[in-house]
Amino acid sequence: MFDQCADPKTLEGLAWLWCYLSSGKHILFYLSFLTVLVLLAITAPIALLFGFGGALASRSRIAPVRWLGRIYASMVRGVPDIIFFLFVPIALDQGFEWLRAKAYCDPSVPIRQGNEFLVCPEAKLPLSTASEWVHQSYGIFLAVVAFSVVFGAFAANVLYGAMNAVPRAQLETAEAYGMSPRQVNRRILIPQMWTYALPGLANLWMILIKATPLLFILGVQDIVYWARELGGAKTSAYSYPHPDWRLYYFLAILVFYLLMTWGSERIFDRIRARLSAGQATAAGEAMRKAAT
Amino acid sequence: MSQCLQTIQDYGLRAIGFGENLLPRTGFSLCEQITLIGSGLIWNLYFGVLALFFGFFIANALAVAKTSRHALLRKPAEWFIFVFRGSPLFIQFFLAYQILVMLPRAGIEIFGLTVQTSWMTKAWAGALLVLILNTAAYSAEIFYGALRNLPKGELEAADAYGMTGWTRYRRVAWPTAMRLAWPAYTNEAIFLFHATTLVFFSGFPAFKQQGDSLYYASYFADKTFNPFVAYPIVAGYFILLTLGLTAIFGAFNRRLNRHLPGAGGKMRYRPNLIR
């Protein structure tokens, strides 16, 4: 990468360390932190949307829709989330390939042969001729869907609770003004529920941050993958030989996560103060008293 | 039917090393999957129950330390709780494994006695240690919150009776704190049991293919390329486990609240959801 790093064998001390930490593989390691952040940035809004759908469905007046919403919201209660993380990507992958097989393959060849799930090469996802980054992105895409489904269910729980916590009188007032149910939802219920939803959503964000290392289990080249890869003992066959340094790499990841959760906590404190202003809650009351 | 009984005999205790040595390689009947995944549940129970038991005592000590006025006691407790609650359990497992592997192979010499250390890298000890510390941190935060929310009147009443220090804590503060913390602690217990499924997916290798229920479920899913059987089975086991836990913790809750009017009613887990 840098000129002075051309021959690492001649380097000593800090110069060696500097060259070591800026080697090509380490750049990939640093980029994988971005992968985590991108996953968080994409997953959080989608999960919130899923949760929104789930919560509104659980309040629906049409019974089957309500049941679906309730089942979706309660599915994560009794079952460990990691089971969903393992199940959803495989199930989705097979679902896509099955659909493609119906379209592109010879229908006389069965897809399930004994214990094998086989589709013709044209139906493979991604195609075996596709480049490495397509495989990686497809893996990340499946991970995003799995995370969104699971955290959407958590969010549905939180939002459903928050919607029920909005004082009934406020909704009745809106009805008395002649608003239709949709108008009540849009103008009163949804703006007013956030202060009740925030503690739960903040918790959820923390859980989401702490769930991101599970990307490793899904086969994505994330920070855990690179920490294991780079930290493992390197013989002199490598340009930068070193003993087993995985401990230090994992310590770095630990610090990264501590900073993430600590920073998020600070930000949530601010949002909490903003949303509590003028609300009919203990926090809102305390703010009003402090102001006068 | 008799074939299934044979399977149960072969694989019922496979997860702890009894019965058939080889895992099923072909066929993978429903009975084999249910038996083997159920046998893996022994490990989930082992980790969950022991971590909960030891974690409970550590959590109480930590919660008291965190309420202490002396920085020497309070700071370490705060940091311990922050580190374990602020980082992913998955990373904690990896990190702990790396640290435990660094212990000298031959054991440590203390006063001429050699203390063996290699067993610490095994999942049954190493992962259990991590789970104990992890649940201790989470529970400590719950207990700390309860200690801060003790009704002022009860403490003043204790003062009026001349109770101080340990007596006041044991007779007034602690029982009420437990009562207040119990619904949240129930949740923590459920999450802890869910977290035990992570053990064999993190740093700790499964010894002789003796793993937990999710380990066997993913084994079957990998071999049969069919996630629609094995994962629902393990999910079903966990729903049963969660229901069982809720029942047990509910019984504790009734006992803790037995002096209150309206005791014996159901515990409210989700106070926000129902107005």
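Miscellaneous remarks
- Positive dipole terminus of the stretch A:3-291, leading residue within A:235, A:155, A:32 (C-beta point charges): A:155
- Projecting label points 7 angstrom from Cα along Cα→Cβ for residue A:292 and residue A:120 puts them 7.8 nm apart.
- Partner chain coverage, peptide A:83-94 - average Cβ within 10 angstrom: 5
- Neighbour-count order for B:8, B:132, fewest beta carbons within 10 angstrom listed first: B:8, B:132
- Cα gyration tensor, the protein assembly as shown - rounded (a/c under 1.5), prolate or oblate: rounded
- Taking the Cα centre of the protein assembly as shown as origin and assigning +1 to Lys and Arg Cβ atoms and -1 to Asp and Glu Cβ atoms, the resulting dipole is close to 2300 debye.
- Evaluating 6.51 cos²θ - 1.76 cosθ + 1.60 at θ = phi - 60° for every residue in the stretch A:173-188, the Karplus couplings come out as 4, 4, 4, 5, 7, x, 6, 6, x, 5, 5, 4, 4, 6, 8, 10 Hz, glycine and proline recorded as x.
- Across A:9/A:234; A:25/A:234; B:122/B:208; A:210/A:234, pairs whose alpha-carbon gap is larger than 20 Å: A:210/A:234
- In chain A, excluding the sites themselves, the longest stretch lacking any of the chymotrypsin sites (Phe, Trp or Tyr not before Pro) that are in a DSSP loop with at most 14 other Cβ atoms within 10 Å is A:3-176.
- Cα Rg over Rh - chain B, Kirkwood: 1.05
- Annotation: amide H of residue A:234 within the under-5 Å range of A:242, sequence separation 5 or more or interchain, hydrogens built in the peptide plane.
- Arranged from fewest to most other beta-carbon atoms within 10 Å of their beta carbon, B:208, B:223, A:102 become B:208, A:102, B:223.
- Shielding score for B:221-233, defined as the mean number of other chain Cβ atoms within 10 Å: 4
- Residue among B:153, B:82, B:234 farthest towards the positive dipole end of chain B, charges placed on Cβ: B:153
- Among B:213, A:58, A:239, sorting on how many other beta-carbon atoms sit within 10 Å of each Cβ, with the fewest leading, yields A:239, A:58, B:213.
The numbers here are math on the coordinates, done by the rules we state, and not lab data. Computed from a predicted structure; not experimentally measured. So basically every Cβ, Gly included, is an ideal-geometry build from the backbone, and we count neighbours across all protein chains shown.
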